[in-house]
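Please read the structure below before turning to the comments.
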Amino acid sequence: MHQSNTKIGLGLAALGRPEYINIRANDAIDKSKSAFKQNIFSVLDEAYKLGVRYFDTAPSYGKGEAFLQEWQDSKLHDDTILGTKWGYTYVANWELGYAGKHEIKEHSIEKLVEQWQVSKALLPNLKYYQVHSATFESGVLKNEAVLIKLHQIKKETGLKIGITTSGANQKDVIAAALNIQIESESLFDTFQVTYNILEQDTFEVLTAALQNGKQVIIKEALANGRVFPNKSFEHYAKIYQVLEDLSKKYQVGIDAIALRFVIDSLKPTYVLSGASNTKQLNENFEASKIHLSKADISVLQAQKTATISYWKERSAMSWI
Ligand SMILES: NC(=O)c1ccc[n+]([C@@H]2O[C@H](COP(=O)([O-])OP(=O)(O)OC[C@H]3O[C@@H](n4cnc5c(N)ncnc54)[C@H](OP(=O)(O)O)[C@@H]3O)[C@@H](O)[C@H]2O)c1
């Protein structure tokens, strides 16, 4: 059996740009670049103090890569493990209320070469390099020039090469990626995937991948905030009750129960905290103080929702 040694990592999606998927209006916060820089530095420092070593970013997280690099260069921690991605470009340019898509996807060899030139500055602490949101539609898993370049980067730098997935067919994309070989060697070492109480479709494929020595990083463990009771999601009333009962039983917040569910049910390599400030980070970290009983894990496993409607709801969420 695969042993659990899951660590909590920190994702920078909500920390590097002023607008991201949000289910509550957060116009009370200062959205200037300088306030964001101050906030991300305090969250990075707090995370390091709490024992976080894996930090996950992407070129599309606004100034996420640049802030992370500046923090790393100023602290010179020799034990941080950085991960980034390629394939999306941030185009909202810190414009509040930006009406269009904030990030544009492009899985071409040109985009890979362009973004790698920037991201490689995160070396030597950079350890994970991931295709951002691999899909069948983008053709990335069949793009020979891209796959060969990723293999070359892996050989030259020792980086772990991965994919991230989102969408109703995550498990099919993961299964296809697991079969890709370059020079008789499996190309992809890591899988950053959405898995949480509401969306458990990838459980089997990820369990098998872990058993085969692959690394798994779980994102959106709090379903982008949907695990917290919210009047806009009344269809989750029963799940909210279950979570509230468990929160009382274990004396931690709902976020800690949701993160712990990921750790205790799947036992991934990392689960990402998507905290947007130090308060949330500390609340998320309560997850490291508890263990869910087998019976409670089963109760939470039974709360899963239909994959198609989960992703329909997810894509309708607004960026504010
Ligand atoms: N590869 C990809 O395509 C991809 C996609 C998504 C995410 N990710 C990675 O996964 C990481 C985490 O994902 P995520 O942030 O999208 O989803 P998440 O972890 O499911 O949700 C995080 C959000 O939950 C809310 N939250 C967290 N702790 C809270 C607390 N104690 N009290 C109240 N609200 C709390 C915050 O919302 P508010 O900010 O509204 O307060 C926070 O932004 C990202 O940072 C990123 O590194 C990758």
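Just so you know, all these numbers are worked out from the coordinates, no wet-lab data involved. All values derive from a computational prediction rather than experimental measurement. Cβ sites come from the backbone with ideal geometry, for glycine too, and all protein chains shown count toward neighbours.
For region 1-101, the list of trypsin sites (Lys or Arg not before Pro) that fall in a loop by DSSP and count at most 16 other C-beta atoms within 10 angstrom reads Arg24, Lys31, Lys101. Counting neighbouring Cβ atoms within 10 Å and putting the fewest first, the residues Leu122, Leu198 line up as Leu122, Leu198. Working from label points 7 Å from Cα in the Cα-to-Cβ sense, the Thr89 to Lys75 distance is 3.1 nm. Mean-square fluctuations from a GNM of the chain, with a 10 angstrom spring cutoff on Cα atoms, peak among Tyr240, Tyr98, Tyr20 at Tyr98. Positive end of the dipole of the chain (Cβ unit charges, origin at the Cα centre): among Thr164, Ala209, Ser298, the Cα lying farthest that way belongs to Ser298. Globularity index of region 112-262 is 1.23 (Cα radius of gyration / 2.2 N^0.38 Å, N = number of residues). Each part reduced to its alpha carbon centroid, region 140-156 and region 183-242 end up 26 Å apart. Using Cβ point charges alone (K and R +1, D and E -1), the dipole size of region 1-122 about the Cα centre works out to roughly 180 debye. Highest GNM mean-square fluctuation among Ser288, Ser133, Ser273, for the chain modelled with Cα contacts below 10 Å: Ser288.
Pair-distance distribution of region 7-315: all C-alpha pairs, bin width 20 Å, starting at 0; shares per bin in whole percent are 33, 61, 6.
Here's how it looks for Ser273: its modeled amide H is under 5 Å from those of Gly9, Leu10, Gly11, which are all 5 or more places away or on a different chain. When each of Ile297, Ile163 is scored by the number of other beta-carbon atoms lying within 10 Å, the sequence from fewest to most is Ile297, Ile163.
Specify which residue in the list Gly100, Ala28, Ser74 is farthest towards the positive end of the charge dipole of the chain, using unit charges on the beta carbon of Lys, Arg (+1) and Asp, Glu (-1), about the Cα centre. The residue sitting most towards the positive pole is Ala28.
Result for the chain in a Gaussian network model with C-alpha springs under 10 Å: among Phe261, Phe136, Phe188, the largest mean-square fluctuation is at Phe136.
Quick one: net charge around Asp56, please, counting Lys, Arg +1 and Asp, Glu -1 for every other residue with C-beta under 13 Å from its C-beta. Taking every other residue near Asp56 into account, the sum is +4.
In terms of other Cβ atoms within 10 Å, His77, His235, His107, His151 run from fewest to most in the order His235, His77, His151, His107. Label sites at Lys238 and Lys289, each approximated as a point 7 angstrom past Cα along Cα to Cβ, lie 3.2 nm apart. In the chain, taking the dipole from charged Cβ atoms about the Cα centre, the farthest positive-side position among Leu50, Ser60, Ala13 is held by Leu50.
Helical runs assigned H by DSSP (4 residues or longer) give the chain a calculated mean residue ellipticity at 222 nm of -12000 deg cm²/dmol, each run adding -39500 (n - 2.57) before division by the residue total. Beyond 27 Å, what share of the Cα-Cα pairs of region 1-135 remains, rounded to the nearest whole percent? So the pairs more than 27 Å apart make up 22 percent of the total in region 1-135. Which entries in Lys248/Lys279; Lys63/Lys267; Lys105/Lys219 show an alpha-carbon gap greater than 27 Å? Exceeds cut-off: Lys63/Lys267. Here the chain is assigned +1 on the Cβ of each Lys and Arg and -1 on the Cβ of each Asp and Glu. Its dipole about the Cα centre then comes out at about 320 debye. Computed from phi, the 3J(HN,Hα) profile of region 186-199 under the Karplus parametrisation 6.51, -1.76, 1.60 (θ = phi - 60°) reads 4, 6, 9, 9, 9, 9, 9, 9, 7, 8, 7, 4, 7, 10 Hz, with x in place of Gly and Pro. Potential lengthening of the chain between Tyr98 and Ile29 amounts to 23.1 nm, from the contour at 0.36 nm per residue minus the alpha-carbon distance.
Relative to the 2.2 N^0.38 Å rule of thumb, region 22-96 has a C-alpha radius of gyration ratio of 1.18.
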